[in-house]
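Each reported figure results from applying straightforward, stated rules to the coordinates on display, with no laboratory input. Since the model is a prediction, treat every value here as computed from it, not as a measurement. Backbone-built Cβ (ideal geometry, glycine too); neighbour counts: all protein chains shown.
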Amino acid sequence: MKTSTPGKDFVVVDVRDDDYRGGNIKGATNKPSREFLTSVDELVKDTRDVPFVVFHCALSQVRGPKAARIYEETRQNVLYGKDIPHEVAILREGFARFQEKYKDDPDLVENWDKDIWAPEWS
């Protein structure tokens, strides 16, 4: 079984803003949605050799999908003719669901704070 290496085989991009506090997917890169347009070119350059890029926000209903679309369009423009085969994905149900399922697994979630996540989230 092949083990995937974060940063080489995949990258997780968390586009939450102030709601980033309270926990995140281990190793995820935080690119707040309010600043995403100014940082997307740099993100494309940093991930040009990564074949799988996953985006998410709290619920992955607006910010995550929008950032994924902008990233894919920018990647096509910046790397036109020089891109590798890749996939851009959106984490279904966002970090809210992910933390609900995996908050106790230190290999998957870091900086988790039970005081941030009200009972309705967990």
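Condition (residue is in contact (Cβ under 8 Å) with a residue 60 or more places away in the chain and among the aliphatic types (A, V, I, L, M)) applied to region 49-64: is it met by at least one residue?
Start the filter on region 49-64 by keeping residues that are in contact (Cβ under 8 Å) with a residue 60 or more places away in the chain, which leaves none.
So far as region 49-64 goes, no, none of its residues is in contact (Cβ under 8 Å) with a residue 60 or more places away in the chain and among the aliphatic types (A, V, I, L, M).
Output the residues belonging to region 1-25 that are of a type in the set (D, E, K, R) and farther than 18 Å from Val53 by Cβ.
So the first thing to find is which residues in region 1-25 are of a type in the set (D, E, K, R), and the list is 2, 8-9, 14, 16-19, 21.
Residues satisfying the conditions are Lys2, Asp17, Asp18, Asp19, Arg21.
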